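Okay, structure first, notes after.
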Amino acid sequence: VTTTNNFILPEPSEDCYTFVGPAQLPEDVETVGCPEFVVPLNCGEEPCAEDPGIVITPEMFTAPTDTGINMTVLVNAGAALNTPYAGGELGAFYDLNGDGNLQCVALSEIPDPSAAFSLTIWGDNGTTPDKDGLDDGDIPYFAILDGGIVYLFEPSPAFSGYVDNGIVIIANGTSSPL
C-alpha cells in the first residue's frame, strides 16, 4: 500500500485505476478530487477515472448459480412494476468478487402484470472457496430487461438486505432506463 496525493493506493495493477467498495477502504482514506470509490493507482499524473455508475447490460441477465441457500422475494407485479414489462425479466445483481463488475444473483420472468410472482435471490454457499451468492445484509441492484432495454428498478420501501431463508414482499417501486 502506498500513500500519495492524499490517497492510499493499492499496489499497481495492469490498469491505472481500481474500483473498490466501501468495505475495502480504510476509514482514513481521503478521496478528494475523485468520484467516490474510485482510487487512482500509482501510474503517473493522469486524472481520476470517471465513475461509470451502475453497469447492467442485457447480456448480464443470465441464470444465477443455484447455491442451495436463498431468500424469496414475492413481487406484486401490477403494483410494484406498474409497467408493461410482462414477458421481460427481473434480476438482482451484486459484485460478488469485488472487481467492480456485477453478477446476476436472481432472475425471474415477469408474468402477466396483474399476477404476483417470486424471485429467488441466491445466498453464498459457505462450503465453497469463492463467494457465489449474497451474505446476510448484502443489498443487490434490481433491474428489468424488457425489449433489449435495461431499467433500474428501485423497490419501495427500499430492500433492507439479503437474509438466508428470508421472505420479503415488494409491493411498490419505480423504474428508469439505465
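The values are calculated or read from the model by the stated rules, or taken from the named source; none is laboratory data. Note that the coordinates shown come from a computational prediction; the quantities given were computed from them, not determined experimentally. Positions of Cβ are backbone-derived with ideal geometry, glycine not excepted, and every protein chain shown enters the neighbour counts. Note: areas computed on protein heavy atoms with side chains; ligands, DNA, RNA excluded. Shrake-Rupley method; radii C 1.70, N 1.55, O 1.52, S 1.80 Å.
Residues in region 96-117 that are polar (S, T, N, Q), open to solvent by less than 60 Å² (accessible area, probe 1.4 Å) and more than 19 Å from residue 53 (Cβ to Cβ): 108 alone. The single condition among (1) at pLDDT 90 or above; (2) within 26 Å of residue 53 (Cβ to Cβ); (3) over 13 Å from the mean Cα position of the chain (by Cα) that residue 172 does not satisfy is (1).
Being more than 17 Å from residue 54 (Cα to Cα), open to solvent by 50 Å² or more (accessible area, probe 1.4 Å), within 15 Å of the chain's Cα centre (by Cα) and of a type outside the set (Val, Ile, Thr) holds for only one residue in 136, 130, and it is 136. Mind listing whichever residues of region 70-86 are touching a Gly at 6+ places or on another chain (Cβ under 7 Å) and either open to solvent by 30 Å² or more (accessible area, probe 1.4 Å) or at pLDDT 70 or above (or both)? Scanning region 70-86 gives 70, 71.
Quick check on this structure: which one of 167, 149 is at pLDDT below 95, surrounded by fewer than 21 Cβ atoms within 10 Å (Cβ to Cβ) and of a type in the set (Val, Ile, Thr)? Write out each step before concluding.
Details: 167 fails: at pLDDT below 95.
Residue meeting the stated conditions: 149.
Where strands (runs of 3 or more DSSP E) fall entirely within region 99-178, those with at least 1 residues that are more than 13 Å from residue 72 (Cα to Cα) are at 103-109, 141-146, 149-155, 173-177.
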